[in-house]
Amino acid sequence: MRIATWNINGLTARQSFLEHWLAARSPDLVGIQEIKTADDKFPHMAFAAAGYQAVTHGQKGWNGVAVLSRERVEIVQRGLPGHEESARFLHVRAGELDFITVYCPNGKTLQHEDFPRKLEWYDALADHLARTVDPSKPAVLCGDMNVCPAPLDSWNDALFAGQIFHTDAERSRFRRLLEIGFVDAFRSLHTDARTFSWWDYRAGAFHKGQGLRIDFLLATPTVMKRVRSVEIDRDYRKKKDALVPSDHAPVLADLE
DNA sequence: ATGACGCCTTCCAGGCGA
């Protein structure tokens, strides 16, 4: 079984690119973020033709998450309770697996009012997961977390020390997800790899290796036992047949 | 030093992303 997460930066702009990737990688279960599309505008037919059922928690213009699955899934929860004003949370059940995808708030800067809101959102997420996820059972929490959990996850941790994505406040929120019982699958298999999942579109950041690792597949121990590989699909951060890529790369894991 | 690219929108300049 192949699972994945990907911030696609706009479904309308990325649909062909996403379909290209689905055909090339054949994932079974995918969390996508930033679809920026309302539920009633989601192109279900196109994904059904590619063999995927889509479950969406969409929003016009901003945010929006969805799950694409080859096998039938059922909705457990759409929207983070108490924070339904932005579409950032979707929990589905795929057989025995609880699969949750999130698009965490960005926060902008430490001075911006969005920063304390980001921390509050994280606290609400952790509270909700602690109540609703049994860490002894198979579960995956994936998505764009908008945090570099450790210096190794940033192209220049010294330059950005104490700035957005690099603060102790954000890192402690990320750690709380691990304390609930989730394991960072990529880091677990690649202890020392300085591998990123996002690169700014501007100034040739991708080619200069100036990226961040902010997209994660977090899995409970029963899932981790089945993990055979975890990779960041940086080939899909490149232009593909003249199609423009997202600024994020997909993260993929193969489970036994 | 600044902006840099690409997304979106009651529509095309301006906000936002990370």
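The values are calculated or read from the model by the stated rules, or taken from the named source; none is laboratory data. The structure displayed is predicted, hence computed values, not measured ones. So basically every Cβ, Gly included, is an ideal-geometry build from the backbone, and we count neighbours across all protein chains shown. Please note that ligands, DNA and RNA were not included when accessible areas were found on the heavy atoms of the full protein model with its side chains. Shrake-Rupley method; radii C 1.70, N 1.55, O 1.52, S 1.80 Å.
Between A:Arg72 and A:His112, the simple label model (points 7 Å from Cα in the Cβ direction) yields a spacing of 4.3 nm. Computed over neighbours whose Cβ is under 14 Å from that of A:His112, the net charge equals -1, Lys and Arg +1, Asp and Glu -1. The Cα center of region A:189-256 and the Cα center of region A:69-83 differ in position by 23 Å. The portion of the accessible surface of region A:35-146 made up by carbon and sulfur, rounded to a whole percent, is 50 (1.4 Å probe; DNA, RNA and ligands excluded).
Computed per residue of chain A from DSSP H runs no shorter than four, each worth -39500 (n - 2.57), the mean residue ellipticity at 222 nm is -7500 deg cm²/dmol.
Protein-only accessible surface at a 1.4 angstrom probe places the residues A:Met224, A:Met145, A:Met1 in the order A:Met1, A:Met224, A:Met145, largest first. Since only A:Val55, A:Leu22, A:His44 are under comparison, the one whose Cα sits farthest along the positive direction of the charge dipole of region A:1-56, derived from C-beta charges on Lys, Arg, Asp and Glu, is A:Leu22. By a 1.4 Å probe calculation restricted to protein chains, A:Glu84 has an accessible surface near 110 Å², given to the nearest 10.
Taking every Cα-Cα distance in region A:2-255 and sorting them into 5 Å bins starting at zero, the pair-distance distribution P(r) comes out as 1, 6, 14, 19, 22, 18, 13, 6, 1, 0 percent. The loop-placed trypsin sites (Lys or Arg not before Pro) in region A:25-86, going by DSSP, that have at most 14 neighbouring Cβ atoms within 10 Å of their Cβ come out as A:Lys60, A:Arg72. The residues of chain A have, on average, 43 Å² of accessible surface per residue, using a 1.4 Å probe with all protein chains present. Taking every lysine pair in region A:2-255 that is 8 or more places apart or spans two chains, those with Cα atoms closer than 12 Å amount to 4.
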